[in-house]
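What follows is one structure encoded as structure tokens, with my remarks underneath.
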Amino acid sequence: MKRFYLITNEAKDPAGAFTNKITAFIKKHGGEAVCVKNERQAIAETGETGVDCALVLGGDGTLLRAAGNMMDSDIPLLGINLGTLGYLAEVESTCAEEAVEKLLKDEFVREERMMLSGRVTTGEKERYALNDIVISRCGSLQILNVRIYVNGQFLNDYCADGVIVATPTGSTGYNLSAGGPIVEPSARLLLLTPICPHTLNTRSIVFSPEDEITVEIPWGKDGHEQVVEANFDGSNTITLKTGDRILIRRSDRTTGIVRLRTESFLSVLHKKMSEA
């Protein structure tokens, strides 16, 4: 690798000191660095030819945003964590220069992480998520009723604060906070986890990557219309109401993630859990 995009969360590096440090290090060691504020615009203007990797300086949210913006490119991402607890970010800030040196020497592995696609059946355009698609209430703090179908077959009605459909990469995100299982990120499967369910026997369910999950918004309590949100990776939101259905499945697209570590996923997980 020689040519890099640098994508910085300016709230976590407000003066740009860390970004400038990494830029100088890359150039000193014979590489090229282009600081990017708008990923889509940068790719449109310069193209992706010759860009080997995007270094994402921030936290998990910054990397998820970059993944969405660069979805149509073939540029892999490496997360450098400037936050506190990051499961997606491969490298801590104190080891950034060492990581860049490995990239310049081509000492890395590229993983292709599965993504989700979601489309409202009334014709809304298809949207994508690397981590998860969350169906949750909006407005007043009322319980949400949702109806779940898998491959067209009715599964269950949930009375909860919402439901999460997550990828293995997203298993350590909202899914984890809601009590869902942790999954090795290179796996291929779908996770369905209710958020604060109002029953005692509701659990997460693991599905095959070939399965299709449909979430229907029925009438609410006392026949009231429900208005809810479908949130893609925490930022891209659409509004749903009673009668709407959203079809969620494994996307044909993937996100390239650069791996530098030789330690196992379990070792990384142990370290992160000890820091929490």
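The values are calculated or read from the model by the stated rules, or taken from the named source; none is laboratory data. These numbers come from a predicted model, not from an experiment. For neighbour counting, all protein chains shown are included, and Cβ atoms are generated from backbone atoms with ideal geometry for every residue, glycine included. Protein only, heavy atoms only, side chains kept; ligands, DNA and RNA dropped before computing areas. Shrake-Rupley method; radii C 1.70, N 1.55, O 1.52, S 1.80 Å.
With the highest mean first, a sort of the peptides 1-7, 214-220, 238-244 on other beta-carbon atoms found within 10 angstrom per residue produces 1-7, 214-220, 238-244.
Within the shell defined by Cβ-Cβ distances under 13 Å, the residues around R147 carry a net charge of -2, with Lys and Arg each +1 and Asp and Glu each -1. Helical content of the chain, expressed as a calculated mean residue ellipticity at 222 nm, amounts to -5500 deg cm²/dmol (DSSP H runs of 4 or more residues, -39,500 (n - 2.57) each, divided by residue number, nearest 500). Kyte-Doolittle cut-off 0.5, length cut-off 20 Å along the helix's own axis using Cα: show which whole DSSP H helices in the chain pass. Span-like helices in the chain: none at all. Dipole magnitude for the chain: about 140 debye, using +1 per Lys or Arg Cβ and -1 per Asp or Glu Cβ, origin at the Cα centre. The stretch between T84 and K27 holds 17.7 nm of extra length on full extension. This uses 0.36 nm per residue minus the Cα-Cα distance. Shown in residue order for segment 176-190 are the 3J(HN,Hα) couplings computed by the Karplus curve 6.51 cos²θ - 1.76 cosθ + 1.60 at θ = phi - 60°: 5, 4, 8, x, x, x, 8, 10, 4, x, 8, 5, 10, 6, 10 Hz (x for Gly and Pro). Charge tally for M114 (other residues, Cβ to Cβ under 15 Å; Lys, Arg +1; Asp, Glu -1): -3. Give the shape of segment 131-182 as rounded, prolate or oblate, defined through the alpha-carbon gyration tensor: a ≥ b ≥ c are the square roots of its eigenvalues, a/c under 1.5 means rounded, and otherwise the shape is prolate if a/b is larger than b/c and oblate if not. Because a/c hits 1.5 or more and a/b fails to exceed b/c, segment 131-182 counts as oblate.
Prolate is the label for segment 18-155, because a/c, from the alpha-carbon gyration tensor with a ≥ b ≥ c as root eigenvalues, is 1.5 or above and a/b exceeds b/c. In terms of its C-alpha gyration tensor, segment 151-276 has a prolate overall shape, because the principal axis ratio a/c (a ≥ b ≥ c, square roots of the eigenvalues) is not below 1.5 and a/b outweighs b/c.
Each other residue within a Cβ distance under 12 Å of S136 adds +1 if Lys or Arg and -1 if Asp or Glu, for a net charge of -2. Taking only protein heavy atoms and a 1.4 Å probe, the accessible area of the chain is 48% carbon and sulfur. Packing order of peptides 155-161, 195-201, highest average first: 155-161, 195-201 (average count of other Cβ atoms within 10 Å over each peptide's residues). Counting only protein heavy atoms and a 1.4 Å probe, segment 93-209 has 46 square angstrom of accessible area per residue. Which FRET efficiency, nearest 0.05, do R119 and N20 yield, Cβ-Cβ r, R0 41 Å? For R0 = 41 Å, the calculated efficiency reads 0.45.
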